[in-house]
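**Student:** Structure provided below as structure tokens; questions to follow.
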Amino acid sequence: MTGEEKELSEQESLRLIASMIHKAKGGFHETGTSAILWGSAVAIPGFISFAELKWNFYIGFDIWLLTLAAIIPQIFISIREGRRRKAVSHDESVMNAVWTTYGFSIMLLVIYINVMPSVSDQLLRADGVEWLEHNLTTGKTEHLKPYVVGQTSLFLLLYSMPTLVTGIARKFKPMLYGALLCYVLFFVSFFTSFTYDMLLMAVAGIFNWLIPGFILRKKYLKTKGTNV
Amino acid sequence: MFKDLDPILHSQLRLAVMSLLISVKEAEFTFIREKTNATAGNLSVQIQKLKDVGYIEVNKQFKDNYPQTTCKITPEGIQAFEAYVHALQQYLQVGKQ
């Protein structure tokens, strides 16, 4: 499209519009890096926590801190991808909003789970009430600090939401199926103990993000290869 | 009654730029140049014309010590583009009859 401007016919104008819209759409490729990062940051702690609870050992620190630490590489990934990005699609800005909202929601859920026991305990005591735990084996009754029952179910429910939105909006079946599987795991978690809940979290991480992330990465590298 | 085709949009490169910008939230000058295969000089002139009529917004800033020009379609630009496409459709419908 260099040099002199030529007179366009109506058909040529429409063809040009269609071709440019198509070219603009073709300019966006997910690298899959973030999905691989978060898939690993949930799957690895999930498997390790399951092993710790199942076979009674402790690795010396809370492995779920790894999920928190994943925020640091994510910041670098976002900055690097932002620098490389020459255009921002409408679709992409909506997806960013969805994933940012999800990030905030997860953070708030973690805060809720950690703050709720102490606060509830104080509120109950202020009302002159307390939770008691009765051990059926020893017959002992002790004070029980309130806690969020079925925490894993809440996480699984939240994990599937942005993945399902992305899967539907981008017509990306691996994320769509991953999110649907996550809903199934959510139902399964009603009936499983905390030990097996950890295994469900790991499976969710693998199917929700890790596998779709590898598929996106493969597609991205293939496209990058053909563009060179 | 046919509407005249907007002369600002009825030009190959300007129409290509507007078609690209209607599909994205914003785009860098290099992205537009890559997709249109236009020369930097010609593209600058056409972008300036689109900016002058208020169809696009042009922001110039520095990114990693390099100048970066970002273009974004304005609500007036969207309206003009829609009117242009509508007028094209009218012409084509008459051509079919």
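The values are calculated or read from the model by the stated rules, or taken from the named source; none is laboratory data. Predicted, not measured: the structure shown is a model, and the values here were computed from it. Cβ atoms come from the backbone with ideal geometry, glycine included; neighbour counts cover every protein chain shown. Ligands, DNA and RNA are excluded from the accessible area calculation, which covers all protein heavy atoms including side chains. Shrake-Rupley method; radii C 1.70, N 1.55, O 1.52, S 1.80 Å.
**Student:** Can you give the helix-only mean residue ellipticity at 222 nm for chain A, where every DSSP H stretch with n ≥ 4 adds -39500 (n - 2.57) and the sum goes over all residues, rounded to the nearest 500 deg cm²/dmol?
**Tutor:** It comes out at -23500 deg cm²/dmol, rounded to the nearest 500.
**Student:** Next question. State the answer as a single residue: which of A:Tyr220, A:Leu185, A:His143 lies farthest towards the positive end of the charge dipole of region A:29-227, with beta carbon charges of +1 for Lys and Arg and -1 for Asp and Glu, about the Cα centre.
**Tutor:** The residue sitting most towards the positive pole is A:Tyr220.
**Student:** Sort out the exposed loop GluC sites (Glu not before Pro) in chain A (DSSP loop, at most 16 other Cβ within 10 Å) and tell me the longest stretch that has none.
**Tutor:** Longest site-free region, per DSSP loop and neighbour criteria: A:8-129.
**Student:** Give me a comma-separated list of calculated 3J(HN,Hα) values for region A:169-175, in order, Karplus coefficients 6.51, -1.76, 1.60 applied at θ = phi - 60°, integers in Hz, x for any Gly or Pro.
**Tutor:** 5, 8, 6, 10, 4, x, 6
**Student:** Estimate for me the total accessible surface buried between chains A and B (protein heavy atoms, probe 1.4 Å, no ligands or nucleic acids), in Å² to the nearest 100. Please report the intermediate quantities before stating the final value.
**Tutor:** Numbers: alone 15350 and 6700 Å², together 19220 Å².
Answer for the A-B pair: about 2800 Å² buried.
**Student:** Another question, then. Report, by chain and number, residues whose modeled amide H sits under 5 Å from the one on B:Thr39, excluding near sequence neighbours (fewer than 5 apart, same chain).
**Tutor:** A:Gly3
**Student:** I'd like the chymotrypsin sites (Phe, Trp or Tyr not before Pro) in region B:2-35 restricted to DSSP loop residues with at most 11 other Cβ atoms within 10 Å, sorted by number.
**Tutor:** Answer by residue number: B:Phe2.
**Student:** Cα gyration tensor of region A:43-182, axes a ≥ b ≥ c as square roots of the eigenvalues: rounded (a/c below 1.5), prolate (a/b > b/c) or oblate?
**Tutor:** Taking the square roots of the gyration eigenvalues as a ≥ b ≥ c, region A:43-182 is prolate.
**Student:** Ok, one more. Total Lys pairs in region B:12-91 closer than 18 Å by alpha-carbon, pairs eight or more apart in sequence or interchain only?
**Tutor:** Lysine pairs meeting both conditions in region B:12-91 amount to 11.
**Student:** Further, regarding this structure: Within region A:29-227, count lysine pairs with alpha carbon atoms under 28 angstrom apart where the residues are 8 or more positions apart or belong to different chains.
**Tutor:** 16
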